[in-house]
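Since the structure comes first, as structure tokens, the remarks are kept for the end.
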Amino acid sequence: DYSPGNCFSDDDNTASAPSQDDQNSDLQDSDLQDNALTLGKNGQQINYDALTPDTVLDAVESLGLVVDARILALNSYENRVYQVGIDEQEPVVVKFYRPNRWSDEAILEEHQYSDLLAEHEIPVIAPSKNEAGETLHTYNGYRFAVFPRKGGYAPEVGDLDQLSWIGRLMGRIHA
């Protein structure tokens, strides 16, 4: 999953999403094989396979953003994550949450924790808030969040400086 804290940026060791060059633009085989109907929040059936590129773009536009029709499926194990181009702005990363996996409360708790870490200068990518301060959105029964896109790279396990930095970071998180 694209999640806060999974990579380092080139310039300041902040957490970030993998760069576009690191991504596979094709949908994952597991995404294509997942065709079971699941129940949404109000008991309606949601076919996760029906989450088409058009639905993704429409969901983003439902928030008042103007998309430019560029969409890139990003690697994700559990949810559906896409990079979406925004007209005359930086692209965003949009995470669609799998129905029946997490409650709204659990998702919002994760978002609040990301905000708390960011407030304490822990390098994470917290979800973007709309004008009402909301981070969890719904479109046609699909729950999703929007994140700013950040470039980065995975840490080098043999680099002692990076390992030391990771150790200090872990200490700050658990302090």
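The values are calculated or read from the model by the stated rules, or taken from the named source; none is laboratory data. What you are looking at is a predicted structure, and each value in this text was computed from that prediction instead of being measured. Note that each Cβ is placed from the backbone with ideal geometry, even for glycine, and that neighbours are counted across all protein chains shown. For accessibility, only protein heavy atoms count, side chains too; no ligands or nucleic acids. Shrake-Rupley method; radii C 1.70, N 1.55, O 1.52, S 1.80 Å.
The table for this structure:
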| quantity | calculated |
| --- | --- |
| Qualifying residue in the range 118-132 (condition: part of a helix (DSSP H, G or I), open to solvent by 40 Å² or more (accessible area, probe 1.4 Å) and either of a type in the set (A, V, I, L, M, F, W, C) or at pLDDT below 95 (or both)) | yes |
| Unique residue being among the β-branched types (V, I, T), under 12 Å from the mean Cα position of the chain (by Cα) and more than 12 Å from Y139 (Cβ to Cβ) when the list is V67, V93 | V93 |
| Looking only at the range 89-112, and only at residues there that are outside any helix (DSSP H, G or I) and among the β-branched types (V, I, T), the one that is surrounded by the fewest Cβ atoms within 10 Å (Cβ to Cβ) | V92 |
| Every residue from the range 67-111 that is farther than 16 Å from P148 by Cα and polar (S, T, N, Q) | N75, S76, N79, N100, S103 |
| Residues (touching a Leu at 6+ places or on another chain (Cβ under 9 Å), assigned to a strand (DSSP E or B), of a type outside the set (K, R) and open to solvent by less than 30 Å² (accessible area, probe 1.4 Å)) located in the range 133-173 | H137, Y142, F144, A145, V146 |
| Strands (runs of 3 or more DSSP E) completely within the range 43-88 that count 3 or more residues being surrounded by 13 or more Cβ atoms within 10 Å (Cβ to Cβ) | 67-74, 80-86 |
